[in-house]
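One structure below.
The values are calculated or read from the model by the stated rules, or taken from the named source; none is laboratory data. Nothing here was measured: the structure is a model prediction, and the numbers come from that model. Quick reminder, even Gly has a Cβ in these numbers, built from the backbone with ideal geometry, and neighbours come from all protein chains shown.
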Amino acid sequence: MKVANLLVAFALLALASSFVTAYDPSPLQDFCVGINDADAAVLVNGKLCKNPSFATIEDFTYSGFDVRGNTSNQLRAHVNLITADLMPGLNTLGVSLARIDFEPNGGLNPPHYHPRGSEVLLVLEGTLYAGFVTSNPDHRLFAKILKAGDFIAFPFGLVHFQMNVGKTPAVAIAALTSQNPGVNTVANAIFGAHWPINPEVLTTAFHLDKNIVEDLQTQNWVNPS
Ligand SMILES: *[C@@H]1O[C@H](CO)[C@@H](O)[C@H](O)[C@H]1NC(C)=O
């Protein structure tokens, strides 16, 4: 190959890789503390920036992760995810943090995925069975029982879960690679869609009787929060 051809190939490759970046973009400045201004005439991918000279340490700090979440719900777990909506200083920084509480003997953060982030989850207290499943066609399960001090990575966009398999409460802290990773709880999206998905779709897709599908669709699919 001639040098010129190589250069063209290299330039095309460089361009292509800049178009497929699947993560929050570089912030381009030290910070851009988010503000909510409904009257602003412009929309940005993220939030508008507060004038940096008005930024304070309060924009970059958050309190309350010492407090247990209220786990009185069907899943017997509670997720407290702090995104840029709740902590304006996270805007453009590409990170967010969650505290997750689990009741003993089965408290569950049900199968879900984050459409905009990878995750690492650290067990602070208790014992969690945690894992993720790879995408089509293999659907390989990677799962393990984790104890305090262990952490696990959940790759970008893959379905994952954690369940307390111990006899004591469990607590985990999760960091995600987006200021707004999003959460899609699989069962809730499928069976709790508004309006309901035509049962015939789910009957065939899930190999279930139509009456089971219709029963599932009438249930209350509360998101873990
Ligand atoms: C926890 O949540 C339940 C159900 O929403 C509610 O009835 C209860 O008052 C809450 N407990 C506390 C301590 O906030």
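Listing for the model above:
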{"read-out": "Pick from segment 158-177, criterion among the polar types (S, T, N, Q) and in a strand (DSSP E or B), ranking: farthest from residue 80 (Cα to Cα)", "value": "164"}
{"read-out": "Hey, residue 53 more than 18 Å from residue 164 (Cβ to Cβ), among the polar types (S, T, N, Q) and either within 16 Å of the ligand (Cβ to nearest atom) or outside any loop (DSSP other than H, G, I, E, B) (or both) or not", "value": "yes"}
{"read-out": "Selected residue (only one of 111, 155 is of a type outside the set (Phe, Trp, Tyr) and in contact (Cβ under 8 Å) with a residue 60 or more places away in the chain)", "value": "111"}
{"read-out": "Test result for residue 86, free of Cβ contacts under 8 Å to residues at least 24 places away in the same chain, among the aliphatic types (A, V, I, L, M) and more than 14 Å from the ligand (Cβ to nearest atom)", "value": "no"}
{"read-out": "Cross-chain or 6+ apart pairs with Cβ under 7 Å, segment 56-74 first and more than 21 Å from residue 95 (Cβ to Cβ) and within 9 Å of the ligand (Cβ to nearest atom), then modelled with pLDDT under 95 and part of a loop (DSSP other than H, G, I, E, B)", "value": "73/222"}
